[in-house]
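K.L.:
Below is one structure. I have some questions about it.
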Amino acid sequence: MKIHEYQARQLLAEAGIPVPGGTMVTSISDATNAAKTLLDGGATLLVVKAQVHAGGRGKAGFVKLCRSLEEVTEAATFMFNNPMVSVQTGPEGLDVTKVLIADGVDIESEFYLAITMDRANGTNALIASSEGGVEIETVAHENPDAILTQRIDPLAGLQEYQARQLAFDLGFTGSQVRQASSIMMKLAKLVDETDASLAEINPLIITPGSDGQVMAIDAKFDFDDNALFRHPNIKEMFDPTEENDSELKASEFGLNFIALDGNIGCLVNGAGLAMATMDIIKLHGGSPANFLDVGGAATLEAVTEAFRIILADSKVEGVLVNIFGGIMKCDVIAEAIVSAAKEVGFTVPLVVRLEGTNVEAARKILKAAEMDIPTMQTATDLEDAAARVASAVSAVC
Amino acid sequence: MAILINGDTTVLCQGITGSAGAFHTRGCLDYGTKMVGGVTPGKGGQKDTNGLPIFNTVTEGVKETGATASMIFVPPPFAADSILEAADAGISVICAITEGIPTADMMQVKETLKKYPNATLIGPNCPGIITPGKKTGGDGSSSTFENGCKIGIMPGYIHTAPCDADSGKSVGIISRSGTLTYEAVWQTSSLGIGQTTCIGIGGDPVKGENFIELLARFNNDDETDAVVMIGEIGGSDETNAGIWVKENMSKPVISFIAGRTAPKGKRMGHAGAIIGGSDDTAIAKMESLRSNGVLVSESPAEIGTMTAEALGVTANAC
């Protein structure tokens with residue numbers, strides 16, 4: 001689960017990590033008021049930042065440096081009235097409903113700091129780079145030696161000496177070594193206490209002057225969905241407006257659904273088989289409209305809902321059902337097809353491939369309903385199914 | 001010969017009184033697995049619906065039954081504890097079916113399991129492990145088997161024991177995905193190819209056995225003629241396995257990698273891909289595997305035929 005920057009800054013502040021002041025606002029007038037308070041308090045530079053989960057805000061014009069009330073009002077007006085379009089959002093962009101008005105800070109130098117999973121070791125790792133403020137992927141690609149890591153022992157946790165080592169390696173000197181290593185220790189504790197799967201401070205900065213302070217300017221957090229049950233305070237930060245409507249609806253029914261751009265809707269059990277089904281559709285010249293894993297224990301209601309979600313997508317010109325029943329019983333899927341046909345109706349071609357538990361019963365159910373679902377074809381195997389749906393859809397176009 | 005488990009393996013179910021534990025204990029018994037009891041703290045001394053003894057602790061269960069394997073259906077918040085309890089009780093094959101265990105819990109489990117070199121963890125978030133038994137009768141899903149061992153949720157009847165394989169050839173199957181494993185089993189069985197042992201290693205990033213450990217076991221198993229390895233996007237396990245195959249494997253390895261059409265960045269925060277250091281897309285993995293001599297199937301529908309070709313089995317699908 002992702003959270004907004006303003007929420008991440010709040011978590012950092014609560015953990016004792018220095019962050020510049022700021023206020024999240026949901027309207028242009030609130031933005032003006034928040035800016036006035038900060039300016040009256042002596043601030044000379046403010047940063048107006050759209051709060052959306054997608055990256056690429058700066059380039060899209062959704063992070064603005066402002067030096068007056070008028071500039072803040074202008075920036076906020078633009079952000080609240082235009083969708084943010086970046087490489088990460090798709091062409092339609094994202095509507096902005098929340099904006100952060102933050103104290104601007106002068107920067108001497110920038111660093112990257114994160115804790116995330118090191119899959120190869122099966123542990124977390126503390127990652128840092130002296131090339132802050134830029135995308136870490138770019139650093140990894142162009143200058144991999146600039147990325148420093150310390151493995152975090154899952155039982156002992158991050159040790160002070162590891163944090164000190166990293167602070168020295170990054171080039172911190174004097175009192176900043178202790179400031180930086182203290183931030184690292186606090187970040188590790190925060191990750192531990194919240195089950196964060198990614199805790200990223202980018203940039204971590206030093207302010208100018210001989211007594212330069214180490215601070216977090218921007219932060220990004222992602223949390224382990226499987227651990228949210230033990231963190232109600234984190235779960236509360238969930239922002240449903242950032243999620244795709246269909247994906248949200250699907251998750252309420254325990255379905256794992258991801259919307260894609262293609263025209264062939266897929267209903268599959270198991271994540272691996274669901275991906276493989278998308279792959280084989282592509283190999284046959286088609287294009288999947290979604291990833292959908294109905295899981296192993298989906299009920300008739302959930303599977304019927306899955307069809308409703310797939311058929312609600314106007315791009316869908318054909319549907320492929322691919323089920324290999326293990327725990328999932330094929331007859332449940334067959335009944336869901338019949339009930340979806342009654343409730344929603346299959347006006348587009350439907351190709352069904354069933355194998356595994358209770359397949360004989362399922363075939364009987366579909367056979368009996370043949371007349372009611374004229375667009376339905378049954379396939380003998382995966383290859384046959386993909387070929388049928390691809391050709392049915394290309395015939396429609 | 002099969003690996004890790006065989007017809008003599010005795011199995012406890014941790015979480016036997018839960019709905020999934022009870023349902024699949026029944027399924028394993030039906031397949032012929034030697035289920036010898038279950039564990040539910042607080043219900044020790046009772047019997048389950050199949051008449052199996054229930055114990056309060058795994059240690060007690062092992063002492064009373066001599067079980068060497070365990071199948072875990074304990075809910076996610078308590079599953080990590082159950083894995084460690086099994087290891088501490090001396091269970092040698094721990095199969096964790098549970099989906100949704102917090103990653104941090106699994107990191108601690110993995111670190112702690114280093115103290116138990118004799119414990120082998122399969123999963124979590126996996127369909128389990130099966131060494132197919134000889135078919136004794138019935139048809140389709142009502143077939144019956146003997147001398148096999150199914151620990152998990154897979155449909156047993158689609159598997160073919162080496163002694164029942166028309167082609168005389170058998171494969172081992174290792175997979176990160178459940179239903180895609182069934183697909184590979186189904187395709188090979190349909191071509192008269194048997195399976196020595198099939199293992200779902202699970203879809204979680206931090207897990208027990210991985211490709212390399214299991215490839216090594218199959219490499220040393222006389223009955224296994226080739227290995228089918230099914231991977232997917234994310235991480236570098238398949239790539240590392242390919243390198244291992246090139247240096248060590250004396251048998252053909254056939255692979256499929258799911259997710260070439262998967263949208264990027266839907267799963268992982270971006271620093272996660274950094275540490276692996278390599279590209280973890282399906283296409284990159286496929287290319288890497290090929291360069292190490294692994295036979296890579298472009299289509300999930302060709303896993304069986306590619307395996308048959310590698311084994312010199314002429315396709316006469318039944």
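K.L.:
Apply the a/c threshold of 1.5 to the C-alpha gyration tensor of the range A:249-397 and tell me whether it is rounded, prolate or oblate. Please list the in-between numbers first.
P.N.:
Numbers: a/c = 1.25, a/b = 1.13, b/c = 1.11.
Rounded, since a/c falls under 1.5.
K.L.:
Rounding to the nearest 20 debye, state how big the charge dipole of chain A is about its Cα centre with +1 on each Lys and Arg Cβ and -1 on each Asp and Glu Cβ. Mind showing how you got there, number by number?
P.N.:
Details: 29 positive and 55 negative charges, 56 e Å.
Magnitude of the dipole: close to 280 debye.
K.L.:
Suppose every Lys and Arg Cβ carries +1 and every Asp and Glu Cβ carries -1, with no other charges. What dipole size does the range A:1-150 come out with about its Cα centre, to the nearest 20 debye? Walk me through the numbers before you get to the answer.
P.N.:
Numbers: 10 positive and 19 negative charges, 80 e Å.
The dipole magnitude comes to about 380 debye.
K.L.:
Could you list the residues of the range A:199-234 with an amide nitrogen less than 13 Å from a label point located 7 Å from the Cα of A:Ser175 in the Cα-to-C-beta direction?
P.N.:
A:207, A:209-214, by backbone N distance to the label point.
K.L.:
Work out the charge dipole of chain A with +1 on the Cβ of Lys and Arg and -1 on the Cβ of Asp and Glu about the Cα centre, then indicate which of A:Leu45, A:Leu170, A:Thr149 is farthest towards its positive end.
P.N.:
A:Thr149
K.L.:
I need the phi-derived Karplus couplings for the range A:232-247: 6.51 cos²θ - 1.76 cosθ + 1.60, θ = phi - 60°, integer Hz, Gly and Pro marked x.
P.N.:
x, 5, 6, 4, 4, 7, 4, 10, x, 5, 7, 9, 5, 4, 5, 5
K.L.:
In a Debye calculation with equal point scatterers on the alpha-carbon sites of chain B and no solvent, what is log10 I(q)/I(0) at q = 0.13, 0.16 Å⁻¹?
P.N.:
Each listed q maps to, in turn, -0.92, -1.32.
K.L.:
What is the angle, in °, between the Cα long axis of helix A:271-283 and the longest principal axis of the Cα atoms in chain A? Nearest 10 is fine, range 0 to 90.
P.N.:
So the inclination is approximately 70 degrees.
K.L.:
To continue, here is another question. Summing -39500 (n - 2.57) over the DSSP H runs of n ≥ 4 in chain B and dividing by its residue number, what mean residue ellipticity at 222 nm do you reach, to the nearest 500 deg cm²/dmol? Walk me through the numbers on the way to the answer.
P.N.:
Numbers: 10 runs with 103 residues, N = 318.
Computed ellipticity for chain B at 222 nm equals -9500 deg cm²/dmol.
K.L.:
While we're on this one: With unit charges on the beta carbons (Lys and Arg positive, Asp and Glu negative) and the dipole taken about the Cα centre of the range A:174-292, which residue among A:Ala289, A:Pro203, A:Ala250 sits farthest to the positive side?
P.N.:
A:Pro203
K.L.:
To the nearest 10 degrees, how steeply does helix A:330-343 sit against the main Cα axis of chain A, on a 0 to 90 scale?
P.N.:
Compared with the principal axis, the helix lies near 90 degrees.
K.L.:
Right, next: Put a dot 7 Å past each Cα toward the Cβ at A:Glu247 and B:Arg290; how far apart are the dots in nm?
P.N.:
Spacing of the two 7 Å Cα→Cβ label points: 3.1 nm.
K.L.:
Pairs A:Lys235/B:Lys115; A:Lys329/B:Lys134; A:Lys189/A:Lys235; A:Lys2/A:Lys98: which are spaced more than 26 Å apart, C-alpha to C-alpha? Each step should come with its number before you reach the end.
P.N.:
Details: A:Lys235/B:Lys115 35 Å; A:Lys329/B:Lys134 24 Å; A:Lys189/A:Lys235 18 Å; A:Lys2/A:Lys98 15 Å.
As for pairs spanning more than 26 Å Cα to Cα, those are A:Lys235/B:Lys115.
K.L.:
Which whole-number percent is the relative contact order of the range B:73-232 (Cα, under 8 Å, 6+ apart)?
P.N.:
Normalised by residue count, the contact order of the range B:73-232 is 23 percent.
K.L.:
Using θ = phi - 60° and the Karplus form 6.51 cos²θ - 1.76 cosθ + 1.60, what ³J(HN,Hα) does each residue of the range B:108-123 get, whole Hz, x for Gly and Pro?
P.N.:
Working through the residues one at a time gives 5, 4, 4, 5, 5, 5, 4, 6, 10, x, 8, 9, 10, 9, 10, x Hz.
K.L.:
Going by a ≥ b ≥ c, the root eigenvalues of the Cα gyration tensor, does the range B:1-66 fall in the rounded group (a/c under 1.5), the prolate group (a/b larger than b/c) or the oblate group? Before the final figure, lay out each step's value.
P.N.:
Values: a/c = 2.18, a/b = 1.38, b/c = 1.58.
Oblate, because a/c is 1.5 or more while a/b does not exceed b/c.
K.L.:
When chain A is modelled as a GNM with alpha-carbon springs shorter than 10 Å, which of A:Val87, A:Val96, A:Val47 fluctuates the most?
P.N.:
Of A:Val87, A:Val96, A:Val47, the most mobile in the Gaussian network model is A:Val87.
K.L.:
For labels at A:Thr26 and A:Lys364 in the simple 7 Å Cα→Cβ model, what's the distance in nm?
P.N.:
5.5 nm
K.L.:
Using θ = phi - 60° and the Karplus curve 6.51 cos²θ - 1.76 cosθ + 1.60, what whole-Hz ³J(HN,Hα) does each residue of the range A:255-263 get, with Gly and Pro shown as x?
P.N.:
9, 9, 10, 10, 6, 10, 8, x, 10
K.L.:
Under 5 Å between amide H atoms, partner at least 5 residues away or on a different chain: which partners does B:Val206 have, H built in plane at 1.01 Å?
P.N.:
The list, which skips near neighbours in sequence, is empty: none.
K.L.:
If you don't mind, another one. Check A:Gly356: other-chain or 5+ apart residues with amide H under 5 Å from its amide H, H built from backbone geometry?
P.N.:
Correct list: A:Gly325.
K.L.:
So which lysines can B:Lys246 reach, going by Cα to Cα under 25 Å and dropping same-chain residues fewer than 8 places off?
P.N.:
B:Lys246 reaches B:Lys169, B:Lys207, B:Lys285.
K.L.:
Counting pairwise Cα distances across the protein assembly as shown, what percent come out greater than 47 angstrom? Kindly include the intermediate steps, with their values, before the conclusion.
P.N.:
Details: 58596 of 255255 pairs.
Counting every Cα pair in the protein assembly as shown, those more than 47 Å apart make up 23 percent.
K.L.:
Going by amide H atoms built from the backbone, whose H comes under 5 Å of the H on B:Gly172, apart from near neighbours?
P.N.:
Close amide H contacts, sequence-distant or interchain: B:Thr196, B:Asp225, B:Ala226, B:Val227, B:Val228.
K.L.:
Determine which residues of the range B:1-42 fall in the zone a paramagnetic label at B:Asp81 would reach in this model, i.e. backbone nitrogen under 12 Å from the point 7 Å along Cα→Cβ.
P.N.:
B:41-42
Read the figures in this text as sums done on the coordinates, not as results from a lab. Since the model is a prediction, treat every value here as computed from it, not as a measurement. Positions of Cβ are generated from backbone atoms using ideal geometry, with glycine treated the same way; all protein chains shown enter the neighbour counts.
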